[in-house]
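What follows is a single structure, written as structure tokens, with notes after it.
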Amino acid sequence: MTAESSDQYSHGPVPGNVTMAGWRVALIVASFSIGQPDFLNGAHNALALGLPGAVAAAFLGALALCIGCCFTAVVSVRTRLSTYLLVQRSFGRYGAVVINIVIALIHYGAFGMNASFVGEALGEAALVNGVSPHFALFVILGSLVSVTATIIGIRALDRLSLIVVPVLAAIFIAVAVIAVQRHGLVVTPSAHPPVPMRFGIAVTTIIGAYMLAVATMPDLSRYIRTERGAVVSMALSFPIATPLMMTTAALPALATGETSVAKLIVALGLGTPLLFVLALPMLTVNAANLYSSGLALSTTFPKIRRWMFTVLGAVIGTGFALAGILDYFIPFLVFLGLIIPPIAAIYVIDSFTLFRGVDPAESIRTLPPIRWEALGVWIGSLAVIQIVPTERFTLTTVPALDATIIAAVGYLLVLKLKARRGASATMAAADA
């Protein structure tokens with residue numbers, strides 16, 4: 001699929017003749033779970049909770065992600081619509097502008113995080129070889145590669161994932177095995193973890209790390225041929241890749257106290273080439289960030305070509321990286337776990353209720369300016385989570401799940417009340 005064809009599909013359903021097998025999308029999604037951010041997340045969770053707690057948090061988070069992905073993927077296969085068309089028909093034309101800009105900015109923030117990891121890996125490689133590290137230069141070069149992959153199209157992500165995923169998995173396993181062999185197996189948490197956290201927050205960081213992928217899954221999964229293929233592909237991605245990745249990160253982190261996989265590779269003497277391989281998945285994920293943010297903004301501003309937003313996103317994301325966004329890694333993940341799930345919950349509920357049985361092309365043809373019930377529930381759920389301290393009130397002890405439940409229940413109640421008012425108005429008009 002070329003960039004030109006993806007521009008066409010960003011404004012309507014994907015035709016059936018350009019679909020692909022679900023396992024290919026599963027590989028792309030699995031590659032999102034295998035990288036430096038995931039290692040850092042697993043390392044922090046392990047140092048705070050210990051090995052049993054970190055593994056349990058990973059399994060619970062992966063289960064929640066899988067369930068969410070199944071819903072968003074099935075909706076996309078039924079409709080063949082992108083995330084941002086689904087958002088537009090749920091929130092209205094102008095309501096979706098707010099959502100799409102927020103999501104695009106989050107993509108840019110994620111791009112900055114990943115670009116920072118690329119700079120760190122290549123910087124460590126330079127140090128090992130006696131070369132002065134140029135973090136800014138490495139970040140910019142990595143960003144250029146991601147821009148190129150995005151403009152070529154989603155097939156480039158597919159090809160890169162086929163190469164990167166197994167190689168990177170082997171590297172992480174080697175780091176874990178060698179670290180445990182040299183330093184022993186440690187399962188207890190650190191007495192002074194870099195980021196202290198309770199179990200619910202650890203689960204939220206895992207959900208938050210991938211929740212943007214869950215909410216924007218339709219951008220990839222709308223190309224899957226069948227609903228069954230969509231569900232199977234989701235079951236083969238997060239539930240397998242995430243717990244394995246978190247466990248693989250936890251073992252060397254607990255054994256050495258180090259959270260950076262790039263520094264571990266250097267300390268364990270595993271060689272410079274591995275540092276270059278380490279940077280590859282970040283390029284894959286950043287290409288996906290640019291792809292989805294471009295879809296968001298090209299749908300919002302259809303007169304502007306998507307490649308322009310791709311370049312803009314790379315510039316802004318690179319700026320975030322150079323400004324030090326990596327210093328706010330864990331807070332950023334928690335933020336994502338709170339702000340994104342309600343959006344996905346709302347458009348999934350609409351797909352199974354308001355737009356059930358409606359032709360996808362017709363469902364986006366005539367849209368209201370703003371659907372206040374959707375926008376209001378989204379803002380309201382965020383307000384409740386932010387205002388009410390989790391120490392006083394929590395539904396699940398996991399803030400990300402609380403935000404999702406509050407938004408879903410609240411939105412269903414609003415739809416039910418609206419339906420009752422409509423029915424009452426119809427009966428009153430009939431009596432008159």
Starting from region 318-336, keep only residues that are farther than 30 Å from Asp402 by Cβ, then list their pairs with residues that are open to solvent by 80 Å² or more (accessible area, probe 1.4 Å) and among the aromatic types (Phe, Trp, Tyr) whose Cβ atoms are within a distance under 7 Å, requiring at least 6 positions of separation or different chains. none
When region 206-255 is checked residue by residue, the ones that are surrounded by 24 or more Cβ atoms within 10 Å (Cβ to Cβ) and acidic (Asp, Glu) are Asp219
Verdict on Val203 being under 17 Å from the mean Cα position of the chain (by Cα) and open to solvent by less than 50 Å² (accessible area, probe 1.4 Å): yes
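Here's the yes/no breakdown for (1) at pLDDT 90 or above; (2) assigned to a loop (DSSP other than H, G, I, E, B); (3) touching a Cys at 6+ places or on another chain (Cβ under 7 Å); (4) under 26 Å from Leu336 (Cα atoms):
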{"site": "Leu127", "(1), (2), (3), (4)": "no, no, no, no"}
{"site": "Val145", "(1), (2), (3), (4)": "no, no, no, yes"}
{"site": "Thr148", "(1), (2), (3), (4)": "no, no, no, no"}
{"site": "Ser161", "(1), (2), (3), (4)": "no, no, no, yes"}
{"site": "Leu168", "(1), (2), (3), (4)": "no, no, no, yes"}
{"site": "Val175", "(1), (2), (3), (4)": "yes, no, no, no"}
{"site": "Pro196", "(1), (2), (3), (4)": "yes, yes, no, yes"}
With the requirement that a residue be over 16 Å from Ile34 (Cα atoms) and either of a type in the set (A, V, I, L, M) or not in a helix (DSSP H, G or I) (or both), what does region 198-220 give you? Arg198, Ile201, Ala202, Val203, Ala215, Thr216, Met217, Leu220
Can you tell me which condition Leu63 does not meet? The list is (1) surrounded by 24 or more Cβ atoms within 10 Å (Cβ to Cβ); (2) under 19 Å from the mean Cα position of the chain (by Cα), and all the others hold. (1)
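Being of a type outside the set (A, V, I, L, M) and open to solvent by 50 Å² or more (accessible area, probe 1.4 Å) is the filter here, so list the residues in region 309-340 that pass it. Quick ask: steps written out before the conclusion?
Initially, region 309-340 is screened for residues of a type outside the set (A, V, I, L, M), giving 309-310, 313, 317-320, 324, 327-329, 331-332, 335, 337.
Of everything in region 309-340, those that are of a type outside the set (A, V, I, L, M) and open to solvent by 50 Å² or more (accessible area, probe 1.4 Å) turn out to be Phe320, Asp327, Tyr328, Pro331, Phe335.
The values are calculated or read from the model by the stated rules, or taken from the named source; none is laboratory data. Here the structure is a predicted model, which is why all the values come from computation and not from measurement. Note: ideal-geometry Cβ built from the backbone for every residue, glycine included; neighbour counts use all protein chains shown. All accessible areas refer to the heavy atoms of the entire protein, side chains included, with ligands and DNA or RNA removed. Shrake-Rupley method; radii C 1.70, N 1.55, O 1.52, S 1.80 Å.
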